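A.B. asks: One structure coming up, written as structure tokens, with questions to follow.
The values are calculated or read from the model by the stated rules, or taken from the named source; none is laboratory data. Worth saying up front: this structure is predicted, and the values here are computed from it rather than measured. No Cβ is skipped: glycine too gets one built from the backbone with ideal geometry, and neighbour counts run over all protein chains shown. Quick note on the areas: whole protein, heavy atoms, side chains included, nothing else; ligands and nucleic acids left out. Shrake-Rupley method; radii C 1.70, N 1.55, O 1.52, S 1.80 Å.
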Amino acid sequence: MITMKDIVLEGHPVLTQVAQEVQLPPTEEDTELLKKMLQFLKNSQDEEIAEKYKLRAGVGLAAPQLGLSKRMFAVHFEDLDGKVYSDGYFNPKIISHSVEKTFLSSGEGCLSVEREVPGYVPRYARITLTATNLAGEKVKLRLRGYAAVVFQHEFDHLNGIMFYDHINKEEPFSIPNNAKPCDVVDLD
Ligand code: NB4
Ligand code: NI
């Protein structure tokens, strides 16, 4: 099973490299690894297992975080409407995105970053992503809000981009004018 010792930390060269496409159909080895990455996320969200193996909780994990420069990541989360996203993706591509931006009001963290980096991480509010999933199906996902944020965090890892690269250095909590938080109920 994947544990925290398998996750590389900032400073590791693979975290700032553009990862290679995965040959499709994927090899047994690549499919098994992506399944293990999804299982890590499920384990990390299980209090007992997380405590037993000292796992930091995660809703996403990308292969470069295991030191493997491969274009694949797994996600395991429920969005604010209760829709569950739990799968692995090979060679994801963002084929379109909104002009409008969004961000998590709590900021972001990363399993490859063992420090707090305060600030808003502006991301596209809506994206359309294509990929091949764990079952080998070609999928087209239309994502918005929290789901769009999670997928963009993982997609960035495939291009060597860390969440803090998006934070405004001068004013970390400045809100771009075309941006709204995705995890705060909009009263108006
Ligand atoms: C990726 C996320 C950072 C922001 C938002 C959140 C957690 C991560 C990093 C967007 C993507 C990992 C991958 C969480 C978490 C909410 C759901 C269900 C019950 C606990 C779990 C906690 F753990 N980020 N960690 N960071 N990354 N929400 N949740 N909860 O997932 O570095 O590249 O179990
Ligand atoms: Ni990360």
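A.B. asks: Could you look through region 41-76, keep only residues that are open to solvent by less than 50 Å² (accessible area, probe 1.4 Å) and more than 13 Å from ligand 2 (Cβ to nearest atom), and pick out the one that is nearest to ILE7 (Cα to Cα)?
C.D. replies: Across region 41-76, the extreme among qualifying residues is GLY67.
A.B. asks: Against the definition (away from ligand 2 (no atom under 16 Å from the Cβ) and among the hydrophobic types (A, V, I, L, M, F, W, C)), how does PHE103 come out, yes or no?
C.D. replies: no
A.B. asks: What number of residues in region 77-128 are farther than 28 Å from PRO25 by Cα, open to solvent by 50 Å² or more (accessible area, probe 1.4 Å) and either away from ligand 1 (no atom under 14 Å from the Cβ) or hydrophobic (A, V, I, L, M, F, W, C) (or both)?
C.D. replies: 6
A.B. asks: Can you give me the ranges of the strands (runs of 3 or more DSSP E) entirely in region 1-99 with at least 3 residues that are not small (Gly, Ala, Ser)? Before the answer, list the steps.
C.D. replies: On the way: elements: 60-62, 72-78, 84-97.
Where strands (runs of 3 or more DSSP E) fall fully within region 1-99 and carry at least 3 residues being not small (Gly, Ala, Ser), they are 72-78, 84-97.
A.B. asks: Considering only region 18-35, state which residues are open to solvent by 80 Å² or more (accessible area, probe 1.4 Å) and under 28 Å from ASP165 (Cα atoms). Write out each step before concluding.
C.D. replies: Taking region 18-35 first, the residues open to solvent by 80 Å² or more (accessible area, probe 1.4 Å) are 18, 20-21, 23, 25, 28-29, 35.
Listed by number, the residues that qualify are VAL18, GLN20, GLU21.
A.B. asks: Restricting attention to region 132-160, report how many residues are over 11 Å from the mean Cα position of the chain (by Cα), farther than 17 Å from ALA179 by Cβ and within 16 Å of ligand 1 (Cβ to nearest atom).
C.D. replies: Residues that pass the stated criteria total 3.
A.B. asks: Within region 100-119, which residues are outside any loop (DSSP other than H, G, I, E, B) and basic (Lys, Arg)?
C.D. replies: LYS101
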